[in-house]
Amino acid sequence: LAQGLDLLVELEPTLNLVQADVQALRQVLISLLTNALHFTPSGGSVTLKTAWATAEGHEWCTVEVRDTGLGMSDAEQAQLFQRFQRGSAVELTNTPGVGVGLALSKELIELQHGRLNVKSRIQKGSIFTIWLLPA
C-alpha cells in the first residue's frame, strides 16, 4: 500500500453463505479496514481473515480485521462501541471523525443476529472480529 503497509487476506475456502445484509456488512468492513489503516504505522500490516468458529453453542463464520497498530487499553476497549467515543490514538494520528463508526458497525452487525468484538494491546495492535451465523 502507498503508506508502507502490508495488506494480507486469509480466506477460509470452505465458507458458505451467512445471514447478513450485503450493504451493511460492506459498510462495517470498510469502517474496520479504514480504522486499521489509520492506526497502523508505516511498516505494519493489516490482515483480513475469515474462518469458522464455535461459540455460544453455535457455529459462526468469523471475519477478522487484524492490525499491528497502536492498540488500545482495556479502559478504551470497554467504551469503544459507545457513540462519540474515540481512543487516545486519534490524537497521535490526527485521524478525522466523531466516534460513531464503531458504534454504528456494532449495531448493524447485531441487527443481523451477529456479534462484533475487539481484542487489543497497546503497541501490539487490535483484532476486530465479526461473528455471523451461517445461512
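What is the helix-to-structure angle for 101-110, meaning the angle in degrees between its Cα long axis and the longest Cα principal axis of the chain, kept from 0 to 90 and rounded to the nearest 10?
10
If you rank Phe81, Phe128 by how much accessible surface each has, with a 1.4 Å probe, what is the order from largest down?
Phe81, Phe128
How far apart, in nanometres, would the label points at Leu11 and Ile30 be if each is projected 7 angstrom from Cα along the Cα-to-Cβ direction?
2.0
Please state the relative contact order of the chain as a whole percent: Cα pairs under 8 Å, 6+ residues apart?
Normalised by residue count, the contact order of the chain is 30 percent.
On a 0 to 90 degree scale, rounded to 10, what angle separates helix 22-38 from the longest Cα axis of the chain?
Its long axis makes an angle of about 30 degrees.
State the volume of the convex hull built on the alpha-carbon positions of the chain, expressed per residue in Å³ and rounded to an integer.
Hull volume normalised by residue count: 110 Å³.
With the crude spin-label approximation of a point 7 Å out along Cα→Cβ, what separation in nm comes out for Ala75 versus Glu110?
Modelled inter-label distance: 2.4 nm.
The values are calculated or read from the model by the stated rules, or taken from the named source; none is laboratory data. If you're wondering where the values come from, they're calculated on a predicted model, not measured in any experiment. Positions of Cβ are generated from backbone atoms using ideal geometry, with glycine treated the same way; all protein chains shown enter the neighbour counts. Ligands, DNA and RNA are excluded from the accessible area calculation, which covers all protein heavy atoms including side chains. Shrake-Rupley method; radii C 1.70, N 1.55, O 1.52, S 1.80 Å.
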